[in-house]
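A short worksheet on the structure shown next.
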Amino acid sequence: QVQLVESGGGLVQPGGSLRLSCTASGIIFSSNVMGWYRQAPGNQRELVATITSGDSTKYVGSVKGRFTISRANARYTVYLQMNSLKPEDTAVYFCNLKQAFREYWGQGTQVTVSS
């Protein structure tokens, strides 16, 4: 079984920064894709960014140039550096791991951007 644990959410003013972390435990294959999704109240969950085990990245257009996804050397931890945050970035952010045709989710961490 795979478990994902997120941390790093919180309240930040517009223009501020936050860094989210997600650590995976359990049986992790060398080939996988880790990523971040978010869900705001009343909205569907949407992709924010993903990174493959080969370090290829993908971002939703609204965060390009502001958010950076990366992986730790151990490759079981993924980060999301969020800069120039906007009120519309407010959401619950979920860590995601895809491997061997299966998908796993973290419990989510709240990010609130407000003055």
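The values are calculated or read from the model by the stated rules, or taken from the named source; none is laboratory data. Just so we're clear, the structure is a prediction, and the values are computed from it rather than from any experiment. All Cβ positions, even for glycine, are placed from backbone atoms using ideal geometry, and neighbour counts span all protein chains on display. Ligands, DNA and RNA are stripped out before the accessible areas are found, and what is left, the full protein with its side chains, is counted by its heavy atoms. Shrake-Rupley method; radii C 1.70, N 1.55, O 1.52, S 1.80 Å.
Given the options 38, 66, 45, name the one that is of a type in the set (D, E, K, R), farther than 15 Å from residue 112 by Cα and open to solvent by less than 70 Å² (accessible area, probe 1.4 Å). Every option except 66 fails the conditions.
In this structure, is residue 30 open to solvent by 50 Å² or more (accessible area, probe 1.4 Å) and touching a residue at least 12 places away in the same chain (Cβ under 8 Å)? I'd like the intermediate steps shown before the answer.
Working: open to solvent by 50 Å² or more (accessible area, probe 1.4 Å): yes; touching a residue at least 12 places away in the same chain (Cβ under 8 Å): yes.
Yes.
Of these, 59, 76, which one is crowded, with 17+ Cβ neighbours inside 10 Å and without any contact (Cβ under 8 Å) to a residue 24 or more places away in the chain?
On the way: 76 fails: without any contact (Cβ under 8 Å) to a residue 24 or more places away in the chain.
So the residue among 59, 76 that is crowded, with 17+ Cβ neighbours inside 10 Å and without any contact (Cβ under 8 Å) to a residue 24 or more places away in the chain is 59.
Checked against the criterion of being open to solvent by less than 70 Å² (accessible area, probe 1.4 Å), within 18 Å of residue 23 (Cβ to Cβ) and without any contact (Cβ under 8 Å) to a residue 60 or more places away in the chain, the stretch 97-111 contains not a single residue that satisfies it. Residues in the stretch 16-41 that are in a loop (DSSP other than H, G, I, E, B) and either at pLDDT 95 or above or β-branched (Val, Ile, Thr) (or both): 16, 17, 27, 28, 40.
Yes/no matrix, rows are residues, columns are (1) part of a strand (DSSP E or B); (2) in contact (Cβ under 8 Å) with a residue 60 or more places away in the chain:
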{"residue": "14", "(1), (2)": "no, yes"}
{"residue": "43", "(1), (2)": "no, no"}
{"residue": "51", "(1), (2)": "yes, no"}
{"residue": "70", "(1), (2)": "yes, no"}
